[in-house]
1. Would you please name the residue that is surrounded by the most Cβ atoms within 10 Å (Cβ to Cβ), looking only at residues in the stretch 27-72 that are within 11 Å of Ala92 (Cβ to Cβ) and not aliphatic (A, V, I, L, M)?
2. Can you list the helices (runs of 4 or more DSSP H) lying wholly within the stretch 51-134 that have 2 or more residues being within 30 Å of Thr145 (Cα to Cα) and without any contact (Cβ under 8 Å) to a residue 12 or more places away in the chain?
3. Of the conditions (1) at pLDDT below 75; (2) exposed (fewer than 14 other Cβ atoms within 10 Å of the Cβ), Gln435 satisfies every one except a single condition; which number is it?
4. Can you run down the residue pairs with Cβ atoms below 7 Å, 6 or more apart or on separate chains, where the first is in the stretch 410-433 and free of Cβ contacts under 8 Å to residues at least 40 places away in the same chain and the partner is part of a strand (DSSP E or B) and not aliphatic (A, V, I, L, M)?
5. In the stretch 222-247, which residue that is surrounded by fewer than 23 Cβ atoms within 10 Å (Cβ to Cβ) and small (Gly, Ala, Ser) is farthest from Ile288 (Cα to Cα)?
6. From Glu84, Glu13, Glu104, which residue is of a type in the set (D, E, K, R), under 27 Å from the mean Cα position of the chain (by Cα) and surrounded by fewer than 20 Cβ atoms within 10 Å (Cβ to Cβ)?
7. For the stretch 186-204, which positions are among the aromatic types (Phe, Trp, Tyr), buried (at least 20 other Cβ atoms within 10 Å of the Cβ) and either part of a loop (DSSP other than H, G, I, E, B) or over 17 Å from the mean Cα position of the chain (by Cα) (or both)?
8. Residue check, Ala210 against (1) outside any strand (DSSP E or B); (2) modelled with pLDDT of 85 or more, all met but one. Which one?
Amino acid sequence: MDYNPKLLPGNIEAEASLLGCLLINGKLFGTVEGTGLSSQDFYEERHSVIFKIIQSIHNEGKIADAVTVGDRISTVKGGGAGVEMKYLYELANTAPVVSESILEDYCRIIIDKSLYRELIRICSESVDSAYRQSAPFVEVVDKSTTDLIALSNRHQAGSVIEIKTIVDAEMQKLKERIDSGRKISGISSGYPVLDNFGSGFKPGDMIVLAGRPGMGKTSFALNMTIEIARLGHNVLFFSLEMPSSQLVQRIISIECSVNAKNLAIGKFEKDEITRLWAGVDKVSKLPIFIDETSKLTVSDLRSKAKKLDAELRKSPPSTVRSNRLDCIFVDYLQLMASNVYREDKVRQVEDISRNIKLFAKELGIPIIALAQLNRKVEERKESKIPMLSDLKDSGAIEQDADLVMFIHREEVYKKDTEKKNIADIFIQKNRHGQQGSVHLRFVPQYTKFATMDPSEFSK
C-alpha cells in the first residue's frame, strides 16, 4: 500500500535539540541511554548517523563533540548522509541549556514518533499482503499480530500496571510450580543448599559472586553454568579475562572428571581417557554460549544477548530445552568498559553495575556478575572472611545487586587449616530471603564444586 513518507510522524526540532545537547555535553549520554533511544528512532537520516557515531564514541569510553564526530563522518558507509562540519557546529551552537528531565522528554518525543512510524509500516505491510494474497491468511495475520505485540511491548515498557494483573500472573506461576512439583520459583543454581536462600536465581535479578583471586570464582561460576544448562536452560557466558578455549577445557574437566592439568598438556591416565570420551559428547550438547570479548560494554552485552535471544526464539519448541535466553554470567564486572566517559574507575563501575541491573530487568532473566574484592581482605589480621565493604571500586555493586555471594576458601590463607578442600559460600545480601552460608566440597584437580553432606563438615 502506498503512503506519503512526507506525512510520516517525526519531530526534527526535538532530534536537533537532543543531538546539540550531546555535542556540547557528552556526559549527558548516560541519561539518553537509559531511555532506550536508538539510532533507528530518528526521522532524519543524518540525525541517525550523528547519533550512531556519538554512541560508538561513548562505547569506547570517550567523550563525543562536534570535532570527534566530524572526524568519523568520512568513515561512515554511504558518505555519512551528507553530514558536514558546518551542520555539527550549528547543532552545538543552537542547542538549548536543558535539565536531564527535559532531555528525557526529547527522547520520549523521538521514540513516540518512531513508534507511530513503525505502526504505519506494520499496518501498511499487512494491508499490502492482504491485497496481494501472496501468503496464506493465517501467516499474514500471525506476522501482523507478532509485530504489533512487539511494538506494544516496547511502548509499555515501564508503564503503570494494576496490582490485580500482577497478582493474577504470580498466582498462575505458583499454580504451575505446584502442578509441576518444582520447589523453587527461579532457575536452580544446581546446588539445592544455595537455592534454599532465595528460591533459585529469579528473573530480573542481578546476582554478584565475589571473591579474592585464587578462590575459584570462575570455576564455581562454570560449575553453576553446567548445572543450569543441564536443566535445559540456555546460558550465555561472557569471559573478559579467559579465552574460550581455556573455559571449555575447564568445563570438560568438571564434567568429565579429568585432571585439568592433564587436559592442558594432553597427557592422561587410562581411566581419564575413558571418562573423557564418554563425557565430551555430553559437554558439546550443553546449551552454553561463550563470548570472549575483552573491554565489553553493557551496550555490547545487551546487543549480543538480545541477538542470541531472538535467534533462540526462532527455534521450535522443545520439552528438553528452552527456546529463549535464560541466564547470563559475566566474568568479571570490573573488567567491563563503561558506555559513558567517567573520570574515575568508581563512577565507571557504578554505571556498569546500574545498567547490568536494568538490563536483567528488561530481559527478565538473572545475570550473575563475578566481581573482585579489594586488598583490604589480606590486610586484616583477624578473619579473612569477605564483607560487603570489600567489594572493589564501588559500593554501587552492593546497592544494585539482589543477591551478593562471597566465595572463600580458608586454605588459601591458612595452609594448615582443617578445612582442606572446603569452599564457604557466604550470602551477605539477599532481597528474597535470609542471609547465611553454605559449605561445598572443592575438588581441585577437576576445579569442581560438590554439595557436602552436613555430617562431613563440623565447625
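The values are calculated or read from the model by the stated rules, or taken from the named source; none is laboratory data. These figures come from a predicted structure and were not determined experimentally. Note: ideal-geometry Cβ built from the backbone for every residue, glycine included; neighbour counts use all protein chains shown.
1. Filtering the stretch 27-72 for residues that are within 11 Å of Ala92 (Cβ to Cβ) and not aliphatic (A, V, I, L, M), the one surrounded by the most Cβ atoms within 10 Å (Cβ to Cβ) comes out as Gly70.
2. 100-132
3. For Gln435, the failing item is (1).
4. Pairs that qualify, where the first residue is free of Cβ contacts under 8 Å to residues at least 40 places away in the same chain and the partner is part of a strand (DSSP E or B) and not aliphatic (A, V, I, L, M), are Asn421/Arg441; Asn421/Phe442; Ile422/His439; Ile422/Arg441; Ile422/Phe442; Asp424/His408; Asp424/Ser437; Asp424/His439.
5. Ser245
6. The unique qualifying residue is Glu104.
7. Listed by number, the list holds a single entry, Phe197.
8. Condition (1) is where Ala210 drops out.
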